[in-house]
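The values are calculated or read from the model by the stated rules, or taken from the named source; none is laboratory data. This is a predicted model, so every value here is computed, not measured. All Cβ positions, even for glycine, are placed from backbone atoms using ideal geometry, and neighbour counts span all protein chains on display.
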Amino acid sequence: MKHRLLEILACPWCAQPFELRTFDSPQKPGETTSGVLISACGRRFPIVRGIPRVIENAKELFPDFVHAHAADFPDAFKAPSPDRRSKIDPTSRTDEAIERTRKSFGYQWTVFREMVIDFRENFFYYIRPLDESFFKGKLGLDMGCGFGRHIYNAAVFGAEMVGVDLSDAIESTADNTRELSNVHLIQADVYHLPFKQAVFDFAYSIGVLHHLPDPERGYQSLLPIVKPRGSVFIWVYSKKRAVVNAILESARAITTRVPPKVQQGLSYTFAAVDWWAIKAYQGMAAVPGLGGLMRKLPLPRLRLYTHYPFQVVYADWFDRFAAPIRFYYDENDLAGWVSRAKLRHTSISPTGLFGWRAYGERE
């Protein structure tokens, strides 16, 4: 963790700055690989492998680390008092859904962690009409950074970036952005973001909010940490393919309940069939006289995936089969979101049949 991050961090529960206690000798000046963040309300959050773990159940997720530094986690081995019980309640349907989502995406972005392409054009696909000139010199947040494909490009374009993910995917982001000095990473919960008010020039969440139990609440949580006149932009799934979505949700009633290895096998099978169709489409589109006809056919999905390698097709099928929660939206839904957020200079646009972008600026 770069100590510069302390300038913008605050405890999600008491809103006060953290005290940093370092356990190791830093490999680089101004950085901590192993330590603890101590809040004014008494909570303590471990810094493991250079990443602050600002989540309520961090001590349960990193028991070996906590045991190794038991003196700095004095409450880790005591029963919690009634007023300090963990907010992770396994009997709560919301908390159970969040925990399933954390595990699912942690598995997904560990298996599919490789940056098989630079994803530059993929990033533009989600954020148009913004381009790389938007990012230079700004401080930004990537909420739900996954394995790091978007935060990587935002940082390359010149922004100082903070990436947040609840799952083990944060480790994949760390690997994929290791050479970028302008990237900070935190394991945290979108509903309890560990930042001071109005510190970011922009915040975005691409392909994440629709996997939350309460997506609009997740969207609203981004607003207070963005500066006045700062930007918030998102991408979510579309309702346009109603029949396809209904068929997929029927399948997901089964696939979300099987083990990850089974989900992976199903995903590979469907991706292989897809890949054959994609290659067949590419071959026919290259034939003189036939190419024009092929490009006129209503096959937007095949056209889209011609730009990506097999790994992307495979990972997307895993996402379809494994993600515990998926919501779908239309233009009116997002118009309601940005209206209730009281944003200005708003823009809502489709990405074909697959999703919607929404952009706005704080007053």
Can you tell me which residue within the range 3-25, out of those that are assigned to a loop (DSSP other than H, G, I, E, B) and of a type in the set (S, T, N, Q), is farthest from LEU193 (Cα to Cα)?
SER25
Mind checking which residues of the range 150-179 are surrounded by fewer than 24 Cβ atoms within 10 Å (Cβ to Cβ) and charged (D, E, K, R)?
GLU160, ASP168, GLU171, ASP175, ARG178, GLU179
Does the range 321-333 hold any residues that are hydrophobic (A, V, I, L, M, F, W, C) and surrounded by fewer than 18 Cβ atoms within 10 Å (Cβ to Cβ), and which are they?
ILE325, PHE327
Which of the residues that make up the range 173-226 are in contact (Cβ under 8 Å) with a residue 40 or more places away in the chain, outside any strand (DSSP E or B) and among the acidic types (Asp, Glu)?
ASP175, ASP214, GLU216
So ARG229 ticks every box in (1) surrounded by 15 or more Cβ atoms within 10 Å (Cβ to Cβ); (2) assigned to a strand (DSSP E or B) but one. Which box is left unticked?
(1)
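Okay, residues lined up against (1) aliphatic (A, V, I, L, M); (2) in contact (Cβ under 8 Å) with a residue 24 or more places away in the chain; (3) more than 30 Å from PHE202 (Cβ to Cβ); (4) surrounded by fewer than 13 Cβ atoms within 10 Å (Cβ to Cβ):
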| position | (1), (2), (3), (4) |
| --- | --- |
| LEU248 | yes, yes, yes, no |
| ALA251 | yes, yes, yes, no |
| ARG257 | no, no, yes, yes |
| GLN282 | no, yes, yes, no |
| ASP319 | no, yes, no, no |
| ALA335 | yes, no, no, no |
| TRP356 | no, yes, no, no |
From ALA159, ALA169, which residue is in contact (Cβ under 8 Å) with a residue 60 or more places away in the chain and of a type in the set (A, V, I, L, M)?
ALA169
Taking ALA271 as the residue in question, decide whether it is in a helix (DSSP H, G or I) and modelled with pLDDT of 95 or more.
yes
Would you be able to say whether some residue in the range 302-317 is in a loop (DSSP other than H, G, I, E, B) and over 30 Å from ALA203 (Cβ atoms)?
yes
Of LEU222, LEU193, LEU212, which residue is in contact with a strand residue (DSSP E or B) (Cβ under 9 Å, 6 or more places away or on another chain) and either among the basic types (Lys, Arg) or within 20 Å of ASP333 (Cα to Cα) (or both)?
LEU222
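Just the residues that are surrounded by 16 or more Cβ atoms within 10 Å (Cβ to Cβ) and either within 25 Å of the chain's Cα centre (by Cα) or over 30 Å from PHE105 (Cβ atoms) (or both), please, taken from the range 284-303.
Of everything in the range 284-303, those that are surrounded by 16 or more Cβ atoms within 10 Å (Cβ to Cβ) and either within 25 Å of the chain's Cα centre (by Cα) or over 30 Å from PHE105 (Cβ atoms) (or both) turn out to be ALA285, MET294, ARG301.
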How many residues of the range 26-60 are closer than 15 Å to HIS192 by Cβ and either part of a loop (DSSP other than H, G, I, E, B) or among the hydrophobic types (A, V, I, L, M, F, W, C) (or both)? The answer is 10
